[in-house]
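Asks: What follows is a single structure, and I will ask about it in a moment.
The values are calculated or read from the model by the stated rules, or taken from the named source; none is laboratory data. Remember, predicted model here, so these are calculated numbers, not experimental data. All Cβ positions, even for glycine, are placed from backbone atoms using ideal geometry, and neighbour counts span all protein chains on display.
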Amino acid sequence: MDETSGPYQSECPTRILDLLTDTDDEQARQWRARCRQYAQLKTVAHTAHRITVAEPLRFQRIGLVAHFRHVGRRWYDATTGIRLSVSDQVVLSRKVIAAVDSSGADLPVPALS
């Protein structure tokens, strides 16, 4: 499978995308665009003080979590400060609807297509 197959996964790093030559294939262009949108969203999520997702995640010990904070390589419940065992892919797949910086100012959230 290659990018012309319209792969479901859209998490190719931008450093790899930057190495690709131009293409006339529409599916490949759409996939590359989705990968770049995901990379932008990941950057916002990792630099934001707090993000909010549309669909909360359920954790066995603490229940539903909708507000997350990323510190280092870890995710935390932004409300309680409890460290969570969850990946970027899982958190970001829940549709990030808001992100704020440490001063409380809203950050632009790229929409995934």
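Asks: So, in region 89-113, of the ones that are of a type in the set (S, T, N, Q) and part of a loop (DSSP other than H, G, I, E, B), which residue ends up farthest from the chain's Cα centre (by Cα)?
Replies: That would be S103.
Asks: List pairs: first in region 30-50 and touching a residue at least 60 places away in the same chain (Cβ under 8 Å), second charged (D, E, K, R), Cβ under 7 Å, 6+ apart or cross-chain?
Replies: Final answer for the pair search is Y38/E11.
Asks: Sticking with this one: Just wondering, is there one or more residues in region 93-110 that are touching a strand residue (DSSP E or B) at 6+ places or on another chain (Cβ under 8 Å), exposed (fewer than 11 other Cβ atoms within 10 Å of the Cβ) and without any contact (Cβ under 8 Å) to a residue 40 or more places away in the chain?
Replies: Yes - at least one qualifying residue is present in region 93-110.
Asks: If you don't mind, there's one more thing I want to ask. Out of region 4-18, which residues are at pLDDT 90 or above and either under 15 Å from the mean Cα position of the chain (by Cα) or among the polar types (S, T, N, Q) (or both)?
Replies: Correct list: T14 only.
Asks: Taking the condition closer than 25 Å to D101 by Cα, outside any strand (DSSP E or B) and modelled with pLDDT under 95, does A39 pass?
Replies: Against the criterion (closer than 25 Å to D101 by Cα, outside any strand (DSSP E or B) and modelled with pLDDT under 95), A39 qualifies.
Asks: When you scan region 73-88, do you find a residue that is assigned to a helix (DSSP H, G or I), crowded, with 16+ Cβ neighbours inside 10 Å and either modelled with pLDDT of 95 or more or not polar (S, T, N, Q) (or both), even just one?
Replies: Within region 73-88, one or more residues are assigned to a helix (DSSP H, G or I), crowded, with 16+ Cβ neighbours inside 10 Å and either modelled with pLDDT of 95 or more or not polar (S, T, N, Q) (or both).
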